[in-house]
Amino acid sequence: MTTFVAADRVVDLPVERAFALFGDPEAPGWLFGARCDRVVPGAAVSLHLPADGRGLGGDLSILGRFSRVVPGARVEIEHTQPWRGRLVLRFRGAGPRRTRVVVQMTLPPSGVDWLMHRAGIPLPEPDDDQAVRIGALSTMSGAGAVFAASSQAMAELAVAEVNADGGVAGRRLALLTADDATDPDQAAREARRMARLGCRAIFVNCTSASFEAARDALALTDVLLVHSVINEGGGETPRAIRLAERPRTQVEALIAPMMRASGARRWFLVGHSYVWSTGAHADARAAIARAGGHVAGERLAPIGATDFATVIEAVQRSGADLLLSSLNGESEVAFQRQSEAAGLRQTVQAASLVLDESTLSHIGERAAEGLRTALAYFQDGPADGNGELLSRYRSAHGPWAPPITTLSETVYEAIHQYARVLHRDPDGRAEAHARALLTRTSAGCDAVGARTLVAPSLYTAVASRAELHIDDVVTTPPSPPIVTGGGRRSPRSAR
Amino acid sequence: MEANENLAFDALSDRIRRRILNVLGEEGELSVGEIVAHIDAVGRTTVSSHLRVLRTSGVVIERKSGRNRYYSLDREGTARDAFTYLQSLLHAGLDAVETSTPRASDAEPEDRGRGAG
């Protein structure tokens, strides 16, 4: 049962002014530190609820989209993180030049579970319904939450479709979900919990640091671990595999073409101080050298960093005219917004490796304009069956659900492809399933439900007017071996 | 926000107490001795004092049987506290508005427009 929590306060401002301050970049600390480009339906918004040392430590960040706006009176936000719910703000006159601000937030059972779990209380164990259990470990809170907005919803959609198609070898598929909170230790704990609850496979929609922690935590188990988001590669084991885009192909698709188009040669690299950026920047340096450019500077920031003033100054001092960012989540949003505000775009062309539609929406239209990226899937891309996928997603999760991204679509694909493997080999061990997943790919296939997840082809795209516009396709040679699936096949999901 | 409303979540801010709750969540009802066996590097006296805090805060239930005391999670109690905690965050967010609200006389929309022309 969903319950409501509410609070209100009177402020010494006229209603129109109080409403106008909400989300105003000139008043960043006002009313839950709302960050958005515009207060209009469909625009992305994040809110920050300060914990101020109360019990659980960290603040609470809410990510969502405006679903209804009545200027001067009411704002409704449908949010997906850290749980799915609705937050309503109302502004009413409370005497001359005074406004009563009322905030009301839904707290569904999933929200109660999330809060209790963050407090250290284990989640209730699911009933044993004889279903085949799999896990989806996603970043629903913390600095990485921006890029995982639709991951859980897409995992749920895939499992629902597998079950609608008859399940796996006569049994239902059941999905267990968990939040790594952008914390590798938490990822390890959740992976162990999922393994203890009998998950056959766990799909990790989190950073490489969390994937590695989960891999080590499950080293002695027969659980298949699948890293299903962009990653630098390496660190695989027979039971822990990595799919999706690699920075090596991303930088090949971006660096030389940007240099050719601009005539510029001096690059600056900005990323995080962990294994993802280390690997990505090594690939970038090699690609830059091959293209005849050079690296004028590099800065690495911790996961979750949001103040990039000194980094931007370093870029400006370096004389770089091209920039590659491997930042992700909240850090990428902060860096790109601050870069634009500092006027960096006037002298530096920028590419971003994790510029998915969700991250783009939080960066905002103005700050994202002109950014380039190279990814295997775009929500508005040409993959066969993409329109139908979007319809099913919107039908299942509503019109204000966060955009499908390459990260969440890869989770969806990986679950469908794993279900096919499991259907044919229900008693197989994790190692056999890992091998089957790595080899069962139709080289170059770009159809929803059968998309190539190992060394996929990439599309390059440029951000313009808050959307990513594809301008080229880069096929990745050499193609992996073709192993077409036998067994059952659903026309809808191409399973 | 009244102090006692945050009691449970304050009680949960301690690492050992969270560990105790984890053990109770995974194992069900346990005696003090059984809990001690699950918690590394902390003795019986320390565990007992943490259990007292958790019981007072309403997140664990104590059952006496003979000379033994058994502890288990009070899920209803903790769920209730989740509501209280969230409400405290909303209140804190609105309280912060007071300190970051521009003075009305400085911040009228018409004032904003004056320098633009």
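The numbers here are math on the coordinates, done by the rules we state, and not lab data. Small disclaimer: the values here were computed from a predicted structure and weren't measured. With ideal geometry, Cβ positions are generated from the backbone for all residues, glycine too; neighbour counts draw on all protein chains shown.
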Sparse-neighbourhood loop hits (trypsin sites (Lys or Arg not before Pro), region A:235-298; DSSP loop; Cβ within 10 Å at most 15 others) -> A:Arg265
Residue by residue through region A:134-145, the couplings from Karplus 6.51 cos²θ - 1.76 cosθ + 1.60 with θ = phi - 60°, in Hz, x for Gly and Pro, are 10, x, 10, 9, 10, 8, 9, 8, x, 5, x, 4
For region A:262-272, Karplus-derived ³J(HN,Hα) couplings (6.51, -1.76, 1.60; θ = phi - 60°; whole Hz; x for glycine and proline) come out as 9, x, 8, 9, 9, 9, 10, 10, 10, x, 9
The simple spin-label model distance between A:Asp185 and B:Arg67, using points 7 Å out along Cα→Cβ, in nm, is 3.8 nm
CD proxy, 222 nm, chain A: helix-only mean residue ellipticity via -39,500 (n - 2.57) per DSSP H run with n ≥ 4, per residue, nearest 500, stands at -10000 deg cm²/dmol
Sorted by chain and then number, the residues having a modelled amide H within less than 5 Å of the amide H of A:His227, at least 5 places away or on another chain, are A:Val204, A:Ile241, A:Arg242, A:Leu243
With the charge dipole of chain A built from beta-carbon charges (+1 for Lys and Arg, -1 for Asp and Glu) about the Cα centre, the Cα from A:Ala447, A:Ser210, A:Pro426 projecting farthest to the positive end belongs to A:Ala447
Mean per-residue count of partner chain Cβ within 10 Å for B:65-76 equals 1
In the neighbourhood of A:Glu76 defined by beta carbon distances under 13 Å, the net charge of the other residues (Lys, Arg +1; Asp, Glu -1) is +4
Taking alpha-carbon centroids only, region A:279-338 lies from region A:382-456 a number of Å equal to 31 Å
Per residue of A:37-45, other chain Cβ atoms within 10 Å number on average 0
For the protein assembly as shown, the Cα convex hull volume per residue in Å³ comes to 164 Å³
Exposure-ranked with fewest Cβ neighbours within 10 Å first, A:Tyr393, B:Tyr85 stand as A:Tyr393, B:Tyr85
Per the 1/(1 + (r/R0)^6) rule, R0 = 30 Å and r from the Cβ atoms of A:Val40 and A:Ala309, FRET efficiency to 0.05 is 0.55
Sorting A:His79, A:Val15, A:Gly33 by the position of each Cα along the dipole of region A:3-107 (Lys, Arg +1; Asp, Glu -1; all at Cβ), the one nearest the positive end of that ordering is A:Val15
When the charge dipole of the protein assembly as shown is computed with +1 on Lys and Arg Cβ and -1 on Asp and Glu Cβ about the Cα centre, the Cα farthest towards its positive end, among A:Ala342, A:Ala368, A:Val159, belongs to A:Val159
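Can you tally the net charge around A:Gly233? Count Lys and Arg as +1, Asp and Glu as -1, for every other residue whose Cβ sits under 9 Å from the Cβ of A:Gly233.
+1
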Distance in nm between B:Arg80 and B:His38 label points, each 7 Å along Cα→Cβ, equals 2.3 nm
Which residues qualify? For A:Gly42, with a placed amide H closer than 5 Å and at least 5 residues away or on another chain, they are A:Phe66, A:Ser67
A chain fully extended from A:Ser273 to A:Thr439 at 0.36 nm per residue, minus the present Cα-Cα distance, gains in nm 56.5 nm
Across A:116-128, the residue-averaged tally of Cβ atoms belonging to other chains within 10 Å stands at 6
Calc'd 3J(HN,Hα), region A:388-404, phi into Karplus 6.51 cos²θ - 1.76 cosθ + 1.60 (θ = phi - 60°), Hz, glycine/Pro = x, comes to 5, 4, 4, 4, 5, 5, 5, 5, 7, 10, x, x, 9, 4, x, x, 6
